[in-house]
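Visitor: Take this structure, written in structure tokens, and hold onto it; I'll ask about it next.
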Amino acid sequence: MSALGDFYSNIYKKLCGVHPHLYFWHFQWLSTKDIYADLRQILPTVKGVLLDVGCGQQPYKNWLNLDEVKYIGIDIYPESKADMLIVNDETWPIDSCSIDIVLCTQVLEHTATLSKTIEEITRVLKPEGLVILTVPFIYNQHGAPEDYRRFSIWGIKNLLSKEYNLIEVKSQGGIGSTVCTLLLNWIELSMNSYKVTRLLKGLLMPIWIVFCSLINIIGWLLDQVDKTQSFYSNVFLVAQKR
């Protein structure tokens with residue numbers, strides 16, 4: 001990223017927030033608000049050893065009661081804040097049946113061998129241990145080339161129902177979140193495609209923020225009237241290992 005790009009990014013973060021604390025005028029607010037809401041509700045209640053699979057910068061660690069939780073973050077990327085680096089398709093250096101809770105948010109779409117990841121999650125979890133998952137259903141390509149799949153509610157149920165008792169499986173968002181997120185992401189990616197449009201994006205930041213606010217409000221309102229349960233953006237799941 002150029003010095004100008006760094007400057008824009010720093011200003012935008014100060015004005016619009018940083019994951020997992022995005023203000024409603026951030027262009028990613030609609031795609032994250034329900035994930036944040038559900039995780040904020042459940043994470044403070046868990047106890048024991050928690051494994052954060054694909055932890056990245058450990059954004060949700062501070063939402064845990066760390067007096068009651070031993071947190072371990074794993075990831076494949078050295079630039080992450082992982083406590084332990086793992087290698088794709090290899091057995092994790094974690095004892096079997098040693099973990100009370102597995103947290104895995106917006107990660108399974110990026111795992112090259114999905115069956116191996118699920119196998120390892122199941123292996124390290126204690127019997128009756130919890131898995132907390134979020135996965136995308138309708139979302140643009142991201143993290144390419146490591147973007148392999150999307151999950152419907154029925155797809156994630158089918159993936160886990162043999163080994164787990166499903167406690168909660170629900171959609172997140174609706175037609176408003178889905179369409180408006182795709183629109184804002186398309187504009188953001190399009191503006192980043194050329195040097196001149198990147199410069200224009202920086203000059204028009206105040207207008208962009210106001211525009212995102214309006215689109216996010218429209219998206220939220222559309223979600224309130226969408227009763228189809230067919231156009232959701234994400235799936236949230238809590239399951240217990242048998």
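Visitor: If you average the C-alpha positions of segment 13-32 and of segment 64-79 separately, how far apart do those two centres end up, in angstrom?
Guide: Cα centres, segment 13-32 to segment 64-79: 23 Å.
Visitor: Looking at segment 30-118, which GluC sites (Glu not before Pro) are DSSP coil and have at most 14 other C-beta atoms within 10 Å of their C-beta?
Guide: Values: sites: GLU68, GLU79, GLU90, GLU109; in loops: GLU68, GLU79, GLU90.
Listed in order of number, the matching sites are GLU68, GLU79, GLU90.
Visitor: Using +1 on the beta carbon of Lys and Arg, -1 on that of Asp and Glu, and nothing else charged, what's the dipole of segment 1-155 about the Cα centre, debye to 20? Display every interim value, and only then the final one.
Guide: Values: 13 positive and 19 negative charges, 100 e Å.
Computed charge dipole of segment 1-155: roughly 480 debye.
Visitor: Across segment 46-57, in residue order, what do the Karplus-derived ³J(HN,Hα) couplings come to in whole Hz, using 6.51 cos²θ - 1.76 cosθ + 1.60 with θ = phi - 60° and x for Gly and Pro?
Guide: Using θ = phi - 60°, the values come out as 7, 9, x, 8, 10, 10, 9, 8, x, 5, x, 8 Hz.
Visitor: Taking R0 as 25 Å, what's the FRET efficiency between ALA144 and ARG242 from their Cβ-Cβ distance, rounded to 0.05? Don't skip to the answer; put the middle values down first.
Guide: On the way: r = 36 Å, r/R0 = 1.44.
Efficiency at R0 = 25 Å is approximately 0.10.
Visitor: Okay, next question. Sticking to Cα atoms, compute the Rg of the chain to one decimal and its Dmax as the biggest Cα-Cα distance, whole number, in Å.
Guide: 18.7, 56
Visitor: Using bins 5 angstrom wide from zero, how does P(r) for segment 1-70 break down, in % of all Cα pairs?
Guide: Histogram of Cα-Cα distances, whole percents per bin: 3, 14, 19, 21, 17, 12, 9, 4, 1.
Visitor: For VAL210 and LEU114, compute 0.36 nm times the residue count separating them, minus their Cα-Cα distance, and round to one decimal in nm. Present the calculation step by step, with values, prior to reporting the outcome.
Guide: Details: separation 96, 0.36 × 96 = 34.56 nm, distance 3.96 nm.
Separation in residues times 0.36 nm, less the Cα-Cα distance, equals 30.6 nm.
Visitor: What spacing in nm lies between the two simple spin-label points modelled at TYR77 and ASN192, each 7 Å away from Cα in the Cβ direction?
Guide: Going from the TYR77 label point to the ASN192 one covers 1.1 nm.
Visitor: Something else about it: Identify all aspartates and glutamates with a Cα-Cα distance to LYS157 below 12 Å; exclude those on the same chain that are fewer than 8 residues away in sequence.
Guide: Here the aspartates and glutamates satisfying the reach criterion relative to LYS157 are GLU168.
Visitor: Run the dipole for segment 98-215 about the Cα centre, Lys and Arg Cβ at +1, Asp and Glu Cβ at -1, nothing else charged, and hand back the magnitude in debye, nearest 20.
Guide: Numbers: 11 positive and 10 negative charges, 67 e Å.
Here segment 98-215 has a charge dipole of around 320 debye.
Visitor: Of SER161, MET191, VAL238, which is farthest on the positive side of the dipole of segment 109-242, counting Cα position, with +1 on Lys and Arg Cβ, -1 on Asp and Glu Cβ, and the Cα centre as origin?
Guide: Going by the charge dipole, the pick is SER161.
Visitor: While we're here: If each of VAL46 and ASP6 carries a label point 7 Å out from its Cα toward its Cβ, how far apart are those two points in nm?
Guide: Modelled inter-label distance: 3.5 nm.
Visitor: Quote the FRET efficiency, to the nearest 0.05, computed for GLN57 versus TYR23 with a Förster distance R0 of 22 Å and r equal to the Cβ-Cβ distance. Please list the in-between numbers first.
Guide: Details: r = 19 Å, r/R0 = 0.84.
Result of the calculation: an efficiency of 0.75.
Visitor: Sticking with this structure for a sec: If the label point is 7 Å along Cα→Cβ of THR91, which residues in segment 106-125 have backbone nitrogen under 17 Å from it?
Guide: 116-125
Visitor: Here's a follow-up. If you take the charge dipole of the chain about its Cα centre, with +1 on Lys and Arg Cβ and -1 on Asp and Glu Cβ, which of GLY174, LEU114, LEU222 is farthest toward its positive end?
Guide: Result: LEU222, furthest along the dipole toward the positive end.
Visitor: Now for a different question. Each residue of segment 16-27 in order: what ³J(HN,Hα) in whole Hz does its phi give by Karplus 6.51 cos²θ - 1.76 cosθ + 1.60, θ = phi - 60°, with x for Gly and Pro?
Guide: Once rounded to whole Hz, the list reads 10, x, 10, 3, x, 10, 9, 7, 5, 8, 6, 5.
Visitor: Just in segment 67-164: which trypsin sites (Lys or Arg not before Pro) are loop by DSSP and have at most 12 other Cβ atoms within 10 Å?
Guide: Counting only loop positions with at most 12 other Cβ atoms within 10 Å, the trypsin sites (Lys or Arg not before Pro) in segment 67-164 are ARG149, LYS162.
Visitor: Please list the equivalent ellipsoid semi-axes of segment 97-225, computed as the square roots of five times the alpha-carbon gyration tensor eigenvalues, in descending order and whole angstrom. Write down the numbers at each step before the final one.
Guide: Numbers: eigenvalues 254, 67, 29 Å².
Taking √(5λ) for each Cα gyration eigenvalue gives 36, 18, 12 Å.
Visitor: Please compute the net charge surrounding SER80, taking Lys and Arg as +1 and Asp and Glu as -1 over other residues with Cβ under 15 Å from its Cβ.
Guide: Values: positive: LYS61, LYS81; negative: ASP52, ASP75, GLU79, ASP83, GLU146.
After counting each charged neighbour, the total is -3.
Visitor: Roughly how far apart, in whole Å, are the Cα centres of segment 38-52 and segment 80-96?
Guide: Here the two parts' Cα centres lie 20 Å apart.
Visitor: Please compare each pair in LYS47/LYS227; LYS13/LYS81; LYS81/LYS195 to a cut-off of 25 Å on the Cα-Cα distance and tell me which ones are over it. Before the final figure, lay out the partial values.
Guide: Numbers: LYS47/LYS227 35 Å; LYS13/LYS81 20 Å; LYS81/LYS195 31 Å.
Listed pairs above 25 Å: LYS47/LYS227; LYS81/LYS195.
Visitor: Per residue of segment 87-102, what does 6.51 cos²θ - 1.76 cosθ + 1.60 with θ = phi - 60° give for ³J(HN,Hα)? Whole Hz please, x for Gly and Pro, Karplus curve as stated.
Guide: Those phi angles translate into 10, 3, 6, 10, 5, 5, x, 9, 5, 5, 6, 10, 10, 8, 9, 10 Hz.
Visitor: Now for a separate question. Would you kindly state how much longer the chain becomes between ILE218 and GLU68 on full extension, computed as 0.36 nm times their sequence separation minus their alpha carbon distance, in nm to one decimal? Mind showing how you got there, number by number?
Guide: On the way: separation 150, 0.36 × 150 = 54.00 nm, distance 4.00 nm.
Stretched fully, the ILE218-GLU68 segment lengthens by 50.0 nm.
None of the figures in this text is laboratory data; all of them are computed from the coordinates on show. Note that the coordinates shown come from a computational prediction; the quantities given were computed from them, not determined experimentally. Methodologically, a virtual Cβ is constructed for each residue, glycine included, from the backbone with ideal geometry; neighbour enumeration extends over all protein chains shown.
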